[in-house]
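Read the figures in this text as sums done on the coordinates, not as results from a lab. These figures come from a predicted structure and were not determined experimentally. FYI the Cβ positions are ideal-geometry reconstructions off the backbone, even for glycines, and counts take in every protein chain you see.
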Amino acid sequence: ATTRTFSIIKPDATRRNLTGAVTAKLEEAGLRVVASKRIRMTKEQAEGFYAVHKERPFFNDLVSFMISGPVVVQVLEGEDAVAANRKIMGATNPAQADEGTIRKAFAESIEANSVHGSDSAENAEIEIAYFFKPEEIVG
Ligand code: CMP
């Protein structure tokens with residue numbers, strides 16, 4: 001079925017002017033950008049977004065990284081969008097990412113890994129609502 005997922009182009013990618021290159025890979029994978037905005041996340045926004053990782057040793061570094069530069073938050077639509085997006089992103093650790101994936105092509109490290117994508121349909125809904133009003137999404 002046609003579904004939606006949530007994506008972030010992270011500061012390491014916007015810094016290197018890779019917004020278009022990352023988006024092209026998403027589009028080539030059959031995903032359609034139905035909402036997009038470039039923002040600077042606040043510390044509070046980043047902490048709230050990553051609240052599930054609060055107890056992890058990398059949490060503070062992750063939050064600092066995510067507010068270190070602009071990000072592009074996007075809603076992607078497509079056939080089985082969560083899975084399609086996770087496939088084109090590749091593994092969290094770029095050293096383990098498959099050839100042809102966004103992280104294999106662009107990621108600098110496990111932290112500066114160029115993109116975020118929702119890990120389930122349930123989280124996609126929560127994450128989309130965290131950044132977008134319904135009227136900002138144009139399918
Ligand atoms: P993301 O999909 O945005 O969700 C949590 C992020 O934490 C993850 O991508 C990585 O960028 C970041 N991260 C940093 N260090 C680690 C780590 N050791 N294990 C997993 N994720 C990490």
Original post:
What residue among ILE128, ILE39, ILE67 shows peak mean-square fluctuation when the chain is described by a Gaussian network model with Cα springs under 10 Å?
Top reply: ILE39
Original post:
What chymotrypsin sites (Phe, Trp or Tyr not before Pro) does segment 1-79 have in DSSP loop regions with at most 15 other beta carbons within 10 Å?
Top reply: PHE58
**OP:** Net charge near GLU99: determine it from the other residues with C-beta under 14 Å of the C-beta of GLU99, scoring Lys and Arg +1 and Asp and Glu -1.
**Re:** +3
Original post:
Lysine pairs in the chain with alpha-carbon atoms under 18 Å apart, 8 or more places apart or on different chains: how many are there?
Top reply: 11
Subject >> Rounded to whole Å, sorted largest first: equivalent-ellipsoid semi-axes of segment 1-129, Cα gyration tensor >> reply: 20, 17, 14
Original post:
Over the Cα atoms of segment 43-110, what is the Rg over Rh ratio if Rh follows Kirkwood?
Top reply: 1.00
Subject >> Over 15 Å [Cα-Cα, segment 1-67], rounded percent >> reply: 61 percent
**OP:** State which stretch of the chain is the longest one without any exposed GluC sites (Glu not before Pro), exposure meaning a DSSP loop state and at most 14 other Cβ atoms within 10 Å.
**Re:** 1-54
Original post:
Taking K and R as +1 and D and E as -1, what net charge do the other residues with C-beta under 12 Å from the C-beta of PRO11 add up to?
Top reply: +2
